[in-house]
Amino acid sequence: MDTVVPLEDRGGPAQPLLLARGLRKHFPVGGGILGRGAKVVRAVDDLTLSVAKGETLGVVGESGCGKSTVARLLIRLIRPDRGSMVLDGDPVDEPHGITVNELRRQVQMVFQDSYASLNPRLTIAETLAFAPKAHGLPAAEARERVRDLLSKVGLDPNNYAERYPHELSGGQRQRVNIARALALRPRLVILDEAVSALDKSVEAQVLNMLVDLKTELGLTYLFISHDLNVVQYLSDRVLVMYLGKIVELGPVEAIYGDPQHPYTRALLSARPSMDPRKRTKEAPIQGDPPNPIDPPSGCRFRTRCPFAEDVCAKVEPLLADTGRQEVACHMRVAGSGHSKATAA
Amino acid sequence: MFLYALRRLIYLVPVAFGVSLLVFALVHLAPGDPISAIVPPDAPKEVVDKLKEYYGFDKPLPVQYFRWLGVTLTGDFGTSIGTGRPVASEVASAFGNTIILAIAATTLAFTLAVILGTAAAYAKSRIVDRLVTLISLVGVSVPHFWLAIVLVIIFAVELGALPPMGMGPENSTGWRLDSAHLAHMVLPTIALSVIPLGVVTRTVRSTIKETLSMEFVTALQAKGMSDAKILRHVLKNAAPTCLAVMGLQAGNLIGGSILIETVFAWPGTGFLLNSAIFRRDLPILQGTTLVLAGFFMLLNLTVDVIQTMVDPRIKRG
Amino acid sequence: MTIQSPSLELGTALVQPIAAAAGRGYWQSVARRLRRDPVTLVCAGVLILLVASALAAPWLGLADPYKTSMIRRLYPLGSPGHLLGTDELGRDMLARLIYGGRLSLFMGVTPVVCALLIGGLLGITAGFVGGKTNMAIMRVMDVFYAFPSVLLAISLSGAMGAGTENTLLSLTLVFIPPVCRVSESVTTQVRGFDFVDAARASGAGTLTIVRVHVLGNVLGPILVYATSLISVAIILAAGLSFLGLGVKPPEPEWGLMLNTLRQAIYVNPVLAALPGVMIFITSICFNLMSDGLRSAMDVKA
């Protein structure tokens, strides 16, 4: 069995593996006569993030905050309206850089286990061999690679290669999903709610497998989830999203130990705890999630924030460095005009 | 709600254009010169040329199309080549006769279909279900014009109980509500109703069955609601789909009545179309097709709008 | 006559991405279920009999279906030498019916096959590519959908004139829009599944993705719908011939025969009804088989 050779590294460890700048994606939603006045869902608005080599970047947020859209933008399943991407120093989909196809060799995605994440008409082997064969690998070698992949994710090739998806359990299917993502030997793996649909015990197994694979294959992970505990377990850095924007970003200890954005604090305090001494002290989130079609002006969180003031409606807070992490909140920026902010 | 209807109407405009284009093109699909339908083949050239100029056949096609469209939109559908009467009035009176038959057939078909379909969905015994399924299968599979002939054979030829053709007693024009006219209506109505009966019965049965298997029905039963009340809920749930199918069937019936009308010589739009085709009376062919297609489109639009009103799940506007 | 609106007929769960039995591929499971269904088997048997007799007609020792005889007109059933009697021009009915099957079946199946190819291609393209292409294709289909199918067939045939080729053309045109709609609908549904996204994310070419991932999941429902159209096609073709817009005399064809035998209903009613019986039987068999196919594919257990 050949050891997987990581694809050519350029730029060394300091250069981010993936850098996305100013990503925007708006989805048109019905309405309007003859296309005029049509509404848009502002799924992702001016989002910038970077993923360092070898790290696990966790992305958390409520449903509808745009996490999945970000994932699909990064792998170019959806074309951004605006914004650019740089993979290890090479611009993506631009004249002097790499093509989208080349991006897809190095960045792959693991989907949530749904009944349609695997083609029900194909055997596991056929599903796994599809990508390598599409990239020119001859059939015999593709078969070998399939066996290799299956072993790596803990499934016996002799048993599972000729099976159909409906014959597998959820956990097994998810292993196949992971194997499929690894088929092209990528450097960055985006996991979009990859363990959310699994039973807790199975989830734990799969998570541990992911950790092992990361070390063994030298992977970088972008882990998207709404489950805060799992993200804490897995991530080096965490990014908190709300309504298409990043509200807080930093090392996992900083985010979980000292959350600074009101939304992050509310999210974390909403986690149920086994410890009866831990009572919720923070004000809970008020109100309903606003409509992504018509987000609030200024700070998008202000309609649910217990500390909202006038300046929050007028000026949109940008991500500001507060020492250990970056926060998009007027309360943390000196001289912003918020009563809780320090004077300039 | 109103906005939705308006939007749908506006979306219809390009389709309507396409339809008019198609109808216009029909004439030119026909083999030979459109003129050859009007004049005998040995007509002198000057006459032919004059007629060409009169009808505008000498102009380029796009010009002809827009002239025709403009004239048609004012309500002037031209003059029938066969009878010399305005097409619009011929079509209008024929349409009325078709509607009479259509109303009778749809009433019969839909009423029976709802009863049978509901019975089949609720029935505990497999026999009832099987029987209804058989009825709807027959309804969908039978060539209705053949059925019409069979009905004529049985009731008119063998039994002599009902008249074999026509809308009213010998040579009568117009329709009145009396026993003689009703007698003429019986056989065509039955023949026309079989297909809608088959289709709608199947739809009613399957939608009600599907609704019955939904969890909310179990919840209502657990609440102790009476079966009759549950039925009301079930019917409300099944209504949107069934109404849509009924609307479609009604539309098909009106547009597709030509076969039955031919068998019974019923003077409706179908019969008109038939004779127009054989006389190569192109203005009537165009006018009738246009009216029927237009009616069908509006009917579909109405059904869509009603469905949106009845089914709150469908997004509005 | 009706071509049912596809979305209403097939319901919401068009694509069932669940195969039947362990270790078996989807199509094998479907075939197995079909083989076990008695109704489907009987219908298949009847249809095979019909098709076989139609194909083998010249070698079955039948009388000449074109040979007229002024003396032996409208003989009743069971007459010596003419098992099913003779028609209004003295031609042997049995021969006419069997030979008629050739044209009737041909006119029923061919337009559907052509519409399947053309409409299927258009629909799958529209469904997979989406966007403006989708809109363009579907809007054109909408224009045809504005006509009830019978009206469209008759108008087209009426304009083009009678004759076998014209009828085939007009029927094909009538069936392309519904097949296209169903194909587009199913393809759009499959396109939204995650495994298609995964295939796209693997960098494979569009054609490869469609061939490997989409077609296998899409062809089933499309095929079921198309088979349900065959009985409609047969009846519509017969109807056109009945009106004189389809096959031209003296060709034997069931619909045409129904028309020419109308004058005989006072003399020999059973004879006059016979061609319609053939249409009826064929239509029922195709409908039942289509239903059987749908059940076999609607795999839940």
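Where a number appears in this text, it was derived from the coordinates with a stated rule and is not lab data. For clarity, every value in this text was computed on a predicted model and none was experimentally measured. Heads up, the Cβs are rebuilt from the backbone with ideal geometry, glycines too, and the neighbour counts pull from every protein chain shown.
Points 7 angstrom from Cα along the Cβ direction at C:Leu121 and B:Leu159: gap in nanometres?
Placing both labels 7 Å along Cα→Cβ, they lie 5.3 nm apart.
Relative contact order for chain A: what percent, with Cα pairs under 8 Å and sequence separation of 6 or more? Mind dumping the intermediate values first?
On the way: 638 pairs, mean separation 62.4, N = 344.
Rounded, it is 18 percent for chain A.
Quickly rank C:168-178, B:3-13, C:105-115 as a protection proxy: mean count of other C-beta atoms within 10 Å, highest first.
Descending mean neighbour count gives C:168-178, C:105-115, B:3-13.
So if I take the centroid of the Cα atoms in the range B:230-298 and the same for the range A:175-212, what is the distance between those two points in Å?
So the two Cα centres are separated by 57 Å.
Which lysines, on any chain, are close to B:Lys45 with Cα under 21 Å apart, when same-chain ones fewer than 8 places away are left out?
Reachable lysines: B:Lys59.
Kindly provide the trypsin sites (Lys or Arg not before Pro) of the range C:208-301 that DSSP labels as loop, not H, G, I, E or B, and whose Cβ sees at most 15 other Cβ atoms within 10 Å. If you can, show how the numbers build up before the last one.
Values: sites: C:Arg211, C:Arg262, C:Arg294, C:Lys300; in loops: C:Lys300.
Counting only loop positions with at most 15 other Cβ atoms within 10 Å, the trypsin sites (Lys or Arg not before Pro) in the range C:208-301 are C:Lys300.
Using the Cα gyration tensor of the range A:189-245, with a ≥ b ≥ c the square roots of its eigenvalues, what is the shape: rounded (a/c below 1.5), prolate (a/b larger than b/c) or oblate (neither)? Please list the in-between numbers first.
Details: a/c = 2.07, a/b = 1.26, b/c = 1.65.
Here the range A:189-245 falls in the oblate category.
Measure nothing fancy, just the Cα-based angle from helix A:139-152's long axis to the longest principal axis of chain A, in degrees from 0 to 90, nearest 10.
Between the helix axis and the principal axis of chain A, the angle is about 60 degrees.
Figure the gain on full extension for A:Gln205 and A:Val315 (residue separation times 0.36 nm, minus the Cα-Cα span) and round it to one decimal in nm. Working shown, then result.
On the way: separation 110, 0.36 × 110 = 39.60 nm, distance 4.54 nm.
Taking A:Gln205 through A:Val315 to full extension adds about 35.1 nm, to one decimal.
Give me the distance in nm between label points sitting 7 Å out from Cα along the Cα-to-Cβ direction at B:Asp76 and B:Asp304, one decimal.
3.3 nm
Considering only DSSP states other than H, G, I, E and B, which trypsin sites (Lys or Arg not before Pro) in the range B:102-185 qualify as loop sites with at most 16 other Cβ atoms within 10 Å?
Working: sites: B:Lys124, B:Arg126, B:Arg130, B:Arg176; in loops: B:Lys124, B:Arg176.
Within the range B:102-185, the qualifying trypsin sites (Lys or Arg not before Pro) (loop, at most 16 other Cβ atoms within 10 Å) are B:Lys124, B:Arg176.
Would you mind working out the magnitude of the charge dipole of the range A:214-344 relative to its Cα centre, with +1 at each Lys and Arg C-beta and -1 at each Asp and Glu C-beta, to the nearest 20 Debye? It would help to have the intermediate numbers written out before the result.
Details: 16 positive and 15 negative charges, 72 e Å.
Once rounded to the nearest 20, the dipole reads 340 debye.
How many angstrom lie between the Cα centre of the range A:72-110 and the Cα centre of the range A:125-168?
26 Å
Calculate how many DSSP beta bridges within the protein assembly as shown are antiparallel, expressed in % of all such bridges and rounded to the nearest 5.
On the way: 30 of 49 bridges.
In the protein assembly as shown, DSSP labels about 60 percent of beta bridges as antiparallel.
May I ask you to evaluate 6.51 cos²θ - 1.76 cosθ + 1.60, the Karplus curve with θ = phi - 60°, for each residue of the range B:145-157 and list the ³J(HN,Hα) values in order in whole Hz, giving x for glycine and proline?
Working through the residues one at a time gives 6, 5, 4, 4, 5, 4, 4, 4, 4, 5, 8, 9, 7 Hz.
In debye, nearest 20, what is the charge dipole magnitude of chain A about its Cα centre with +1 on Lys and Arg Cβ and -1 on Asp and Glu Cβ, if you could check? Don't skip to the end; give the middle numbers.
Values: 44 positive and 41 negative charges, 147 e Å.
Dipole of chain A, to the nearest 20 debye: 700 debye.
Shielding by partners for C:155-165, please: the mean number of other protein chain Cβ atoms within 10 Å of each residue's Cβ.
Values: counts 14, 4, 2, 13, 14, 4, 6, 1, 1, 0, 0.
The mean count of partner-chain Cβ atoms within 10 Å per residue comes to 5.
Cross-link list A:Lys25/A:Lys314; A:Lys25/C:Lys132; A:Lys39/A:Lys245: which exceed 27 angstrom alpha carbon to alpha carbon?
Values: A:Lys25/A:Lys314 23 Å; A:Lys25/C:Lys132 19 Å; A:Lys39/A:Lys245 19 Å.
Long pairs (Cα-Cα over 27 Å): none in the table.
What percent does the relative contact order of the range C:29-297 come to when contacts are Cα pairs within less than 8 Å and at least six residues apart? Provide the component values of the computation, followed by the final result.
Numbers: 390 pairs, mean separation 68.6, N = 269.
Once divided by the residue count of the range C:29-297, the mean separation gives 26 percent.
Which shape class applies to chain B: rounded if a/c is under 1.5, otherwise prolate when a/b exceeds b/c and oblate if not, where a ≥ b ≥ c are the square roots of the Cα gyration tensor eigenvalues?
Numbers: a/c = 3.02, a/b = 1.61, b/c = 1.88.
Note, shape of chain B comes out oblate.
Name the residue from A:Val107, B:Ala238, A:Asn119 whose Cα lies farthest towards the positive end of the charge dipole of the protein assembly as shown, charges +1 on Cβ of Lys and Arg and -1 on Cβ of Asp and Glu.
Highest projection toward the positive end goes to B:Ala238.
So how tilted is helix B:269-279 from the main axis of chain B? Cα-based, degrees 0 to 90, rounded to 10.
30 degrees
For B:His233 and C:Ala136, what is the calculated FRET efficiency with R₀ set at 45 Å and r taken between the beta-carbons, to the nearest 0.05? Could you put the intermediate results ahead of the total?
Details: r = 42 Å, r/R0 = 0.94.
Plugging the Cβ-Cβ distance into 1/(1 + (r/R0)^6) gives 0.60.
By a straight-distance test (C-alpha under 26 Å), which lysines pair with C:Lys248 as possible cross-link partners, with residues fewer than eight away in the same chain excluded?
Leaving aside lysines fewer than 8 places away in the same chain, those within reach of C:Lys248 are C:Lys67.
What is the spin-label model distance, in nm, from B:Lys50 to A:Val29 if the labels are put 7 Å beyond Cα along the C-beta direction?
Calculated label separation equals 6.8 nm.
Can you put C:Ile230, B:Ile190, A:Ile190 in order, fewest other beta carbons within 10 Å first?
Values: C:Ile230 24, B:Ile190 21, A:Ile190 27.
Listing C:Ile230, B:Ile190, A:Ile190 from fewest to most nearby Cβ atoms yields B:Ile190, C:Ile230, A:Ile190.
Mind pulling the angle between the C-alpha long axis of helix C:38-55 and the longest principal axis of chain C? Nearest 10 degrees, somewhere in 0 to 90.
Its long axis makes an angle of about 60 degrees.
Order by neighbour count: C:Tyr99, B:Tyr122, fewest other Cβ atoms within 10 Å first, most last. Mind showing how you got there, number by number?
Values: C:Tyr99 24, B:Tyr122 16.
Least to most surrounded, the residues fall as B:Tyr122, C:Tyr99.
Mind giving me the FRET efficiency for C:Leu77 and C:Ala52? R0 is 25 Å, r the Cβ-Cβ distance, nearest 0.05 is fine. Walk me through the numbers on the way to the answer.
Working: r = 23 Å, r/R0 = 0.93.
Computed FRET efficiency for C:Leu77 and C:Ala52: 0.60.
For the pairs A:Lys152/A:Lys200; B:Lys124/B:Lys209; A:Lys67/A:Lys200, flag any whose C-alpha to C-alpha distance is greater than 18 Å. Present the calculation step by step, with values, prior to reporting the outcome.
Numbers: A:Lys152/A:Lys200 22 Å; B:Lys124/B:Lys209 12 Å; A:Lys67/A:Lys200 22 Å.
Those over the limit are A:Lys152/A:Lys200; A:Lys67/A:Lys200.
Would you mind pulling out the separation of the Cα centroids of the range B:85-159 and the range C:208-252, in Å?
24 Å
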